[in-house]
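Values quoted throughout were computed directly from the atomic coordinates according to the rules given, and no laboratory measurement underlies them. Since we're looking at a predicted model, the values are computed, not measured. Note: ideal-geometry Cβ built from the backbone for every residue, glycine included; neighbour counts use all protein chains shown.
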Amino acid sequence: MAGHGGRGAAEAGACPAELGQAILAGALVLAGRVLSYDADPVRRWSADRADCSSFVQRVLCGAGVVACEPGPGHRNAWSARAFATRDDVFVTVGAAEACPGDVLVQGGFVTAADGVTRWKAHCGVFRQRAHPGLLHGVSMGRRGPVVNGVWGAAPPRGHYPFGAGLLVRRLRSCEPTAAEAGPTLPPSASRGRGERQRAVTW
């Protein structure tokens, strides 16, 4: 997946600032409520538990984003890959144009000992700029909620791996409609023929 580049805020059709601020405010409120990281498909929706993707989805749903309504039985559960690839709902903008409430997705490919290639990613909500070229975001990490995580560089400058793989994703409209088709990795993230792929979240 391409990093820092993007189509720009003007071409993206930026959502009103009040929506972005509502998303950010919701992220900060939820960060104060969730206590434990949990990637279990059922438990991650508990009031005091979340993983990074359910955290972001709950924040967007709370701000009125229709496409992120989890639905009955949480059948419309989003993954970090969905936030990175659902171009019917989001558009990528440059990191320099990030606005509060944009979704951050940072990831890359790793090949495990079993030969399976996986795309690992972390997602959160943009809060403010950090040092030059870096962003602060709110997310749910394995050790609990983080309200000033540093994105855009791998450790030690940043807090998460695959710093060069940062995507800043902006809602195309205030009320996007859920699409029938599932997410697929874009061509820039495709792998060689014969390699098996799976997507996972930290």
So between residue 75 and residue 157, what do we pick up on full extension, going 0.36 nm a residue minus the alpha carbon distance? 25.8 nm
Based on the alpha-carbon gyration tensor of region 1-160 and its eigenvalue square roots a ≥ b ≥ c, which shape applies: rounded if a/c is under 1.5, prolate if not and a/b is larger than b/c, or oblate? rounded
In this structure, the FRET efficiency calculated for residue 96 and residue 117 from their beta-carbon separation, with R0 = 30 Å, to the nearest 0.05, is 0.45
Spelling out what I want: for every residue of region 155-167, take phi, set θ = phi - 60°, compute 6.51 cos²θ - 1.76 cosθ + 1.60 (Karplus), and round to whole Hz; glycine and proline get x. x, x, 5, x, 9, 10, x, 6, x, 6, x, 5, 10
R0 of 22 Å, Cβ-Cβ distance residue 35-residue 129: FRET efficiency to nearest 0.05: 0.20
Between residue 18 and residue 148, how many nm apart are label points set 7 Å from Cα along the C-beta direction? 3.0
With x for Gly and Pro, the residue-by-residue ³J(HN,Hα) of region 133-149, computed from phi through the Karplus equation 6.51 cos²θ - 1.76 cosθ + 1.60 at θ = phi - 60° and given in whole Hz, is x, 10, 10, 9, x, 9, 7, 9, x, 4, 9, x, x, 10, 9, 9, x
Starting at the first residue of region 106-116, write each ³J(HN,Hα) from the Karplus equation 6.51 cos²θ - 1.76 cosθ + 1.60 with θ = phi - 60°, in whole Hz, x for Gly and Pro. 10, x, x, 8, 9, 10, 7, 4, 7, x, 7
